[in-house]
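A.B. asks: Provided herewith is a single structure, encoded as structure tokens, for subsequent inquiry.
The values are calculated or read from the model by the stated rules, or taken from the named source; none is laboratory data. Keep in mind that what you see is a predicted model, and the values were worked out from it rather than measured. So basically every Cβ, Gly included, is an ideal-geometry build from the backbone, and we count neighbours across all protein chains shown.
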Amino acid sequence: MEKLIIIIIGLLLFILLNNFLIKKKILLNYSGSAHQKFAGLTTVPLTGGILIFFSILYFYYIEVESIIYFFSILFLLGLATDLKIIASPKIRFLIQAILLFVIVYLLDLRISSTRIYIIDVLISNILISYIFSTFCLLILINGSNFIDGLNGLLVGYYLLISLIFIKLNFFNFLDIEVNDLLFFSLVLFILFLFNLSKKSFMGDTGAYILGFFYGYLLIKIYSEYQIFSPFFVILLLWYPCFENLFSIIRKFQLKKSPIKPDNNHLHQLIYFYLKKKYKVNNLFANNYGSLIILLYNLIIFGIGIQNISNTQHQIILLILNLFVYCAVYFKLFAYKYKLKV
């Protein structure tokens with residue numbers, strides 16, 4: 001009961017903060033990059049990450065106590081990006097890389113086995129193992145930032161992963177109580193509703209915090225217990241990671257900078273297709289595009305948890321995901337530019 005009261009008080013303060021920022025025109029989404037406002041120019045505060053940060057500190061303090069300083073620096077980095085204090089993508093990426101490497105090194109947060117022989121041989125070297133873990137976290141947090149383009153997509157995706165944690169009793173392998181995990185999931189669900197109704201957006205802060213935190217938890221559980229296939233971890237995090245990797249390859253092919261934002265991510269193409277094909281308004285195309293992606297991942301996760309230790313099972317699902325992603329992407333990309341010709 002006490003924690004529920006804390007959540008209610010926190011949400012009231014969150015609403016007051018949103019209203020204050022809108023009134024003062026601070027930390028609003030229209031001040032963001034072009035890819036953040038492709039679906040509209042409404043003044044929505046980028047405060048979702050702030051609520052998530054303090055919720056994690058409250059519900060998971062014991063779990064994050066050893067990394068609280070680094071976690072706070074990552075939060076401030078995201079906040080500085082949302083406020084345009086750090087505008088350069090190169091500087092932002094460099095700070096991310098250094099910070100994540102220090103965290104991985106000090107916590108010895110290494111991925112011990114991938115069940116891919118060549119990679120396992122390479123990461124048997126401690127330095128390469130640290131670099132590999134850093135690379136994975138970099139891909140994840142930036143991929144999380146990439147998918148934060150439709151209402152509810154980012155927070156909804158990590159809400160699904162939280163539900164997987166509850167379903168598989170992962171709290172038994174972490175220093176957290178099941179009620180804390182349930183309450184945190186409730187916070188994510190409330191933010192999901194705020195996001196869908198355009199009352200609050202996640203921003204870079206939310207993407208960095210969620211991507212890092214869940215990546216950290218999954219690496220920690222797998223490294224210490226190895227109760228599931230490493231490909232199950234990849235399955236849970238496949239969408240933001242592949243969105244990032246695919247975007248990098250796509251931009252290299254088009255001879256564009258991989259760190260320069262554009263409007264050709266999968267979720268943006270789905271939004272464009274729904275809006276043009278069915279003549280619906282921005283909010284409808286935005287929300288339903290997000291829900292379509294989340295529903296697909298819910299089905300995939302539901303199949304994946306049936307046999308989390310079976311690597312072959314997880315690889316088949318991953319291959320299916322890549323095939324579906326690419327098939328849908330190229331079809332919608334062709335549709336978009338056919339209309340623009």
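A.B. asks: Determine the pairs where a residue that is charged (D, E, K, R), located within segment 50-66, has a partner that is not in a helix (DSSP H, G or I) with Cβ atoms under 6 Å apart, the partner being 6 or more residues away or on another chain.
C.D. replies: E63/L174; E63/D175; E63/I176
A.B. asks: Is it the case that some residue within segment 83-102 is closer than 28 Å to L11 by Cα and in contact with a Lys or Arg (Cβ under 8 Å, 6 or more places away or on another chain)? Let's see the steps before the verdict.
C.D. replies: Here is the first cut: in segment 83-102, the residues closer than 28 Å to L11 by Cα are 83-85.
Adding the requirement that they be in contact with a Lys or Arg (Cβ under 8 Å, 6 or more places away or on another chain) leaves none.
Checking segment 83-102: not a single residue is closer than 28 Å to L11 by Cα and in contact with a Lys or Arg (Cβ under 8 Å, 6 or more places away or on another chain).
A.B. asks: I123 is checked against (1) surrounded by fewer than 19 Cβ atoms within 10 Å (Cβ to Cβ); (2) free of Cβ contacts under 8 Å to residues at least 24 places away in the same chain and fails just one. What number does that condition carry?
C.D. replies: Failing condition for I123: (1).
A.B. asks: Determine which member of the set K256, K260, K251 is within 30 Å of I91 (Cβ to Cβ), touching a residue at least 60 places away in the same chain (Cβ under 8 Å) and basic (K, R).
C.D. replies: Details: K256 fails: touching a residue at least 60 places away in the same chain (Cβ under 8 Å); K251 fails: touching a residue at least 60 places away in the same chain (Cβ under 8 Å).
When all the criteria are applied, what remains is K260.
A.B. asks: Check segment 142-153 and report whether any residue there is out of contact with any Phe, Trp or Tyr (no Cβ under 9 Å at 6 or more places or on another chain), hydrophobic (A, V, I, L, M, F, W, C) and over 19 Å from G215 (Cα atoms).
C.D. replies: Within segment 142-153 (the criterion being out of contact with any Phe, Trp or Tyr (no Cβ under 9 Å at 6 or more places or on another chain), hydrophobic (A, V, I, L, M, F, W, C) and over 19 Å from G215 (Cα atoms)), the answer is no, since none of the residues qualifies.
A.B. asks: Among the listed residues I209, I234, I227, identify the single one that is in contact with a helix residue (DSSP H, G or I) (Cβ under 9 Å, 6 or more places away or on another chain), of a type in the set (A, V, I, L, M, F, W, C) and at pLDDT below 90. Before the answer, list the steps.
C.D. replies: Working: I209 fails: at pLDDT below 90; I234 fails: at pLDDT below 90.
Result of the check over I209, I234, I227: I227.
A.B. asks: Residues in segment 143-180 that are at pLDDT 90 or above and not polar (S, T, N, Q): how many?
C.D. replies: Result for segment 143-180: 21.
A.B. asks: On to the next question. List the pairs whose first member sits in segment 144-162 and is at positive phi, whose second member is surrounded by 24 or more Cβ atoms within 10 Å (Cβ to Cβ) and modelled with pLDDT of 95 or more, and whose Cβ atoms are under 8 Å apart, counting only residues at least 6 apart or on separate chains?
C.D. replies: Partner pairs satisfying both residue conditions: G152/S290.
Yes or no, residue by residue, for (1) closer than 30 Å to K84 by Cβ; (2) of a type in the set (S, T, Y); (3) in contact (Cβ under 8 Å) with a residue 12 or more places away in the chain:
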residue: F171; (1), (2), (3): no, no, no
residue: E177; (1), (2), (3): no, no, no
residue: L182; (1), (2), (3): no, no, yes
residue: L186; (1), (2), (3): no, no, yes
residue: F192; (1), (2), (3): yes, no, yes
residue: M202; (1), (2), (3): yes, no, yes
residue: I209; (1), (2), (3): yes, no, yes
residue: I219; (1), (2), (3): no, no, yes
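Matching residues to (1) out of contact with any strand residue (DSSP E or B) (no Cβ under 8 Å at 6 or more places or on another chain); (2) crowded, with 22+ Cβ neighbours inside 10 Å:
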{"position": "S200", "(1), (2)": "no, yes"}
{"position": "T205", "(1), (2)": "yes, yes"}
{"position": "I209", "(1), (2)": "yes, yes"}
{"position": "F213", "(1), (2)": "yes, no"}
{"position": "L217", "(1), (2)": "yes, no"}
{"position": "Y225", "(1), (2)": "yes, no"}
{"position": "F228", "(1), (2)": "yes, yes"}
{"position": "L235", "(1), (2)": "yes, yes"}
{"position": "Y239", "(1), (2)": "yes, yes"}
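A.B. asks: Let me ask another. Does N297 satisfy being surrounded by 17 or more Cβ atoms within 10 Å (Cβ to Cβ), touching a residue at least 24 places away in the same chain (Cβ under 8 Å) and of a type outside the set (A, V, I, L, M)? Can you show your working first?
C.D. replies: Values: surrounded by 17 or more Cβ atoms within 10 Å (Cβ to Cβ): yes; touching a residue at least 24 places away in the same chain (Cβ under 8 Å): yes; of a type outside the set (A, V, I, L, M): yes.
Answer is yes for this residue.
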